[in-house]
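Structure, as structure tokens:
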Amino acid sequence: MPVEFEAKILENDPSGVTRRILSLGGRKIGESLMRRYVYDVIPGDQSKRIRLRDSGSEITLAVKEIHHC
């Protein structure tokens, strides 16, 4: 099974990131609104969660398990 790695950047500058991607040869193909709902699997246990994601055209459900290195 593939392993997914995720990083979150706080206090970012979306306009600046867009300019940087475009300057490196990227192209914008559209925008979308995504809703994300996160639920505790076991109340009080922050290491496992269920995520429900709705992109407007697709809904996905995933179990997320957080491992600290």
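The values are calculated or read from the model by the stated rules, or taken from the named source; none is laboratory data. No experiment lies behind these values; they were computed from the predicted model shown. Ligands, DNA and RNA are excluded from the accessible area calculation, which covers all protein heavy atoms including side chains. Shrake-Rupley method; radii C 1.70, N 1.55, O 1.52, S 1.80 Å.
Looking only at residues in region 1-31 that are within 13 Å of the chain's Cα centre (by Cα) and not aromatic (Phe, Trp, Tyr), which one is modelled with the highest pLDDT? Lay out the reasoning, then the answer.
To start, the set of residues in region 1-31 that are within 13 Å of the chain's Cα centre (by Cα) comprises 4-10.
Narrowing further to those that are not aromatic (Phe, Trp, Tyr): 4, 6-10.
Numbers: Glu4: 69, Glu6: 69, Ala7: 70, Lys8: 73, Ile9: 71, Leu10: 77.
Among residues in region 1-31 that are within 13 Å of the chain's Cα centre (by Cα) and not aromatic (Phe, Trp, Tyr), the one modelled with the highest pLDDT is Leu10.
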- Kindly indicate whether Leu61 is assigned to a loop (DSSP other than H, G, I, E, B), open to solvent by 90 Å² or more (accessible area, probe 1.4 Å), modelled with pLDDT of 85 or more and among the hydrophobic types (A, V, I, L, M, F, W, C). no
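Which one is nearest to Glu65 (Cα to Cα) among residues in region 32-55 that are under 14 Å from the mean Cα position of the chain (by Cα) and among the polar types (S, T, N, Q)? I'd like the intermediate steps shown before the answer.
First pass over region 32-55, keeping only residues under 14 Å from the mean Cα position of the chain (by Cα): 32-38, 49-55.
If we keep only those that are among the polar types (S, T, N, Q) as well, we get 32, 55.
Values: Ser32: 27, Ser55: 22 Å.
Among those that are under 14 Å from the mean Cα position of the chain (by Cα) and among the polar types (S, T, N, Q), it is Ser55.
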